[in-house]
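**Q** Here's a structure for you.
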Amino acid sequence: GAVVSQHPSRVICKSGTSVKIECRSLDFQATTMFWYRQFPKQSLMLMATSNEGSKATYEQGVEKDKFLINHASLTLSTLTVTSAHPEDSSFYICSASGSSGSRSEQYFGPGTRLTVT
Amino acid sequence: KQEVTQIPAALSVPEGENLVLNCSFTDSAIYNLQWFRQDPGKGLTSLLLIQSSQREQTSGRLNASLDKSSGRSTLYIAASQPGDSATYLCAVQGGSNYKLTFGKGTLLTVNP
């Protein structure tokens, strides 16, 4: 149980375009979802936390107008990278928690490799 | 601000060896600590989760310990195998927003 999927697994886009990444909880209701970014040889950095039906909470230094997060249902959250630039190239990973307040375990998706040319 | 450090950054061992990976954190006010495995270009696989009230957890050849007061955790891998080769990440959960803070990981290579 507790499976989280991400789509797409890899995406290449041109500079200036927007890219949407989906994160789905397949067998549980995800009250809270998290989006992380991981640069090569670096640790995962939390970008934002979203609770179903409410606005996402962004970490300091993350541009909310550039990284749009929507958590419209208990099984789906999306991250849209708007006007992508090469420096946005990274590995994006989502996680989901089945309880509000997210003290319970987070289940991670397989990640999406974004390359901006 | 919570900081998580993992030592060593990389480790190469021959097959069959027992090994220890170390994790330290600066703020002992945590809810839990988790060890993950990450294969190249892949997502995270949860290995062990230790609640703040616990001292250790075991799963197969893996044993993780937690000393919350000193801000330390170790992951012990017994009888290592080439299939154990991966990056091992330590993460602590804490704070009012239950945030997970990750270390940079230890890249483990087990040579046949």
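**Q** Rounded to whole Å and sorted largest first, what semi-axes of the equivalent ellipsoid does the C-alpha gyration tensor of chain A yield via the square root of 5 times each eigenvalue?
**A** 23, 14, 13
**Q** I've got another one for you. How many partner chain Cβ atoms sit within 10 Å of a residue's Cβ in peptide A:4-13, on average, as a whole number?
**A** 1
**Q** Report the antiparallel proportion of the DSSP beta bridges in the protein assembly as shown as a percent, rounded to a multiple of 5.
**A** 90
**Q** Within a 10 angstrom radius of each residue's Cβ in B:38-44, how many Cβ atoms of other chains show up on average? Whole number is fine.
**A** 6
**Q** Another one. Provide Rg over Rh for chain B; use the alpha carbon set for both Rg and the Kirkwood Rh (inverse mean inverse pair distance).
**A** Using Cα coordinates only, the ratio equals 0.96.
**Q** Per chain A: cysteines with no other Cys C-beta under 4.7 angstrom?
**A** A:C13
**Q** Counting pairs of alpha carbon atoms under 8 Å apart in space and at least six apart in sequence, what relative contact order in percent does the stretch A:39-110 give?
**A** 20
**Q** Pairs to check: A:K20/B:K42; A:K20/B:K104; B:K1/B:K68; A:K41/B:K42; B:K42/B:K68. Give those whose C-alpha atoms are more than 24 Å from each other in this structure.
**A** A:K20/B:K104; B:K42/B:K68
**Q** Roughly how many Å² of B:I7 are accessible to a 1.4 Å probe, to the nearest 10?
**A** Result for B:I7: roughly 100 Å² accessible.
**Q** Same structure again: Enter the Cα centre distance for the pair the stretch B:6-36 and the stretch A:24-66, rounded to the nearest angstrom.
**A** So the two Cα centres are separated by 25 Å.
**Q** How do the peptides A:89-96, A:8-15, B:59-66 rank, highest first, by the average count of neighbouring beta carbon atoms within 10 Å per residue?
**A** Taking the mean over residues of other Cβ atoms within 10 Å, the ranking is A:89-96, B:59-66, A:8-15.
**Q** Let me ask another. What fraction, in whole percent, of alpha-carbon pairs in the protein assembly as shown exceed 25 Å separation?
**A** That tail contains 41 percent of the Cα-Cα pairs.
**Q** Turning to a different aspect of this structure: Suppose a student asked you for the relative contact order of chain B, using Cα pairs under 8 Å spaced at least 6 residues apart; what percent would you report?
**A** Computed over chain B, the figure is 37 percent.
**Q** Remind me, relative contact order of the stretch A:1-93 in percent, using alpha carbon pairs under 8 angstrom and six or more residues apart?
**A** 33
**Q** Let me ask another. Can you give the accessible area of A:E52, probe radius 1.4 Å, in Å² rounded to 10?
**A** Number for this one is 80 Å².
**Q** Going 7 Å from the Cα of A:Q60 along its beta-carbon direction, which residues of the stretch B:56-93 have the amide nitrogen within less than 19 Å of the resulting point?
**A** Only B:92-93 fall inside the zone, counting backbone N under 19 Å.
The values are calculated or read from the model by the stated rules, or taken from the named source; none is laboratory data. Keep in mind that this is a model prediction, so the values were computed, not measured. As a convention, Cβ positions derive from the backbone with ideal geometry for all residues, glycine included, and neighbour counts pool all protein chains shown. To get the accessible areas, we keep the full protein, side chains included, count just its heavy atoms, and leave off ligands, DNA and RNA. Shrake-Rupley method; radii C 1.70, N 1.55, O 1.52, S 1.80 Å.
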